Structure formats: structure tokens, C-alpha cells
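Report on the following structure.
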Amino acid sequence: MLESGEILLPGMPPWLPFEQTPDGFDQEHAHMFIALPIDWSEALHSSSGIFARATAGVTADGFAMFKSYATKYNIVDATPYGKDVIKALSDECHKQGIKMCFYYSQSRDWNEPNGLDNDWDFPKERDFQKYLDEKVKPQLTELLTNYGEVGMIWFDTPITISKEQAQSLKDLVRKLQPACIISGRLGGGVETDLL
């Protein structure tokens with residue numbers, strides 16, 4: 001899995017517990033992000049025998065590894081790299097007949113006031129529906145319409161998502177990519193393709 005969102009600086013551990021991350025740290029330091037050049041053809045070729053590639057679209061820190069119009073906190077707009085890594089990887093996956101799969105944290109987002117789990121920067125009161133409507137659904141739409149056939153969406157961290165909210169995400173995936181597998185961590189007790 002291609003992990004995203006972690007910003008490493010000299011002398012820092014590779015993963016800081018989120019409670020210890022200074023306010024606005026990730027966004028403040030995104031301009032220092034440097035992606036190493038990756039030859040996706042070679043990287044995927046050396047993984048011969050794989051049939052699917054899972055890639056982090058958006059993790060709990062809210063950073064998108066693709067060009068997102070739902071937030072400027074993405075690899076194209078917030079970093080000097082300025083390129084859509086997901087586009088390059090998905091193009092090569094499709095060329096090699098490998099299914100592209102995405103990880104998406106649909107509830108936990110430490111950089112959004114209405115996302116869950118950041119009580120150190122934002123008030124405890126959240127409008128989770130607003131977060132779903134203004135960030136999650138637009139980003140899922142981007143992932144499911146801009147990168148060709150998607151083999152699976154691996155949802156994670158459902159936390160407090162209601163049955164109706166989870167069903168609306170499932171319906172969106174089915175509408176845009178009917179054959180896409182939906183992981184079992186969608187939440188709300190909604191039936192999915194995987195446990």
C-alpha cells in the first residue's frame with residue numbers, strides 16, 4: 001500500500017501520535033513535502049503476480065494524494081511536488097491489467113472541523129453530515145470518476161457514521177462504479193461486499 005499524508009522532518013519520528021501533533025502542523029509543513037521519483041512501471045513489474053494495488057487516497061490526517069477540488073490540502077496544491085501521484089499510478093496499473101483500489105478514511109479527518117477525532121484544534125460539536133456532503137462525497141466522486149475502473153474502496157474508521165449516511169456512501173459507489181468492491185468497514189451496519 002502506498003501510504004500518504006505523513007510529513008517527515010529531520011529528527012522527527014515517522015509517525016507522531018495524533019494527540020501529540022502540534023496544531024496545524026501538517027498543513028504548515030506540507031510545503032516541505034518532497035516526493036521521490038517513482039518509476040511505476042518498474043515498481044509494479046517487480047511486484048509480479050499481484051492483481052490489485054491498494055493506495056491511500058485519503059488517510060486520517062485528511063491529506064489527499066490526488067488533485068482534489070474539495071480541499072486544497074492535497075499533493076497537487078499543498079506541496080512543491082505538484083503532481084497527481086494517483087493518476088500516474090492508476091494509469092500504469094490499467095496498462096498492466098492491475099486493479100486499482102483505494103483506501104479512504106470516511107469519518108476520521110484531523111484537518112477538518114467537522115471530521116472526527118481532532119478535539120485539540122476544533123470544538124467537540126461537529127456537523128458530520130456537512131463533512132460528508134462537502135468533503136467525503138466530492139472526494140469519493142473524484143476517485144471513482146477520474147482514475148478509470150476501481151477494484152475496491154477500502155473504507156476505514158466508521159466511528160459514528162449512521163446507517164443512512166453509510167448507505168448514501170454505498171449508493172454513491174454503486175452509482176459511479178457498480179462493480180467496485182466495498183470493504184466491510186463502511187459502518188452503520190450497512191451490508192458490504194467484504195466483512
Worksheet item: Using the beta-carbon distance between Ala88 and Thr145 and R0 = 22 Å, what value does 1/(1 + (r/R0)^6) give for FRET efficiency, to the nearest 0.05?
Response: 0.80
Worksheet item: Which shape class applies to the stretch 47-195: rounded if a/c is under 1.5, otherwise prolate when a/b exceeds b/c and oblate if not, where a ≥ b ≥ c are the square roots of the Cα gyration tensor eigenvalues?
Response: oblate
Practice prompt. Can you tell me how much longer the chain between Tyr81 and Glu164 gets when fully stretched, taken as 0.36 nm per residue apart minus their C-alpha distance, in nm with one decimal?
Written response: 26.1 nm
Practice prompt. Treat the count of other C-beta atoms within 10 Å as a stand-in for reagent exposure and order Ile182, Ile159 from fewest to most.
Written response: Ile159, Ile182
Worksheet item: Trp110's amide H: which non-local residues (gap 5+, or another chain) put their own amide H closer than 5 Å, with H modeled 1.01 Å from N in plane and none for Pro or chain starts?
Response: Asp61, Gly62
Worksheet entry | Neighbour-count ranking [beta-carbon atoms within 10 angstrom, fewest first] of Arg174, Arg126 | Arg174, Arg126
Item to complete: Determine which residues of the stretch 143-161 fall in the zone a paramagnetic label at Leu194 would reach in this model, i.e. backbone nitrogen under 11 Å from the point 7 Å along Cα→Cβ.
Response: 151-156
Response to the item:
Simple SL model, points at 7 angstrom along Cα→Cβ for Glu134 and Trp120; separation in nm is 2.4
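Only the coordinates and a few stated rules stand behind these numbers; no lab work does. Here the structure is a predicted model, which is why all the values come from computation and not from measurement. Glycine also receives a Cβ, built like all others from the backbone with ideal geometry; neighbour counts cover every protein chain displayed.
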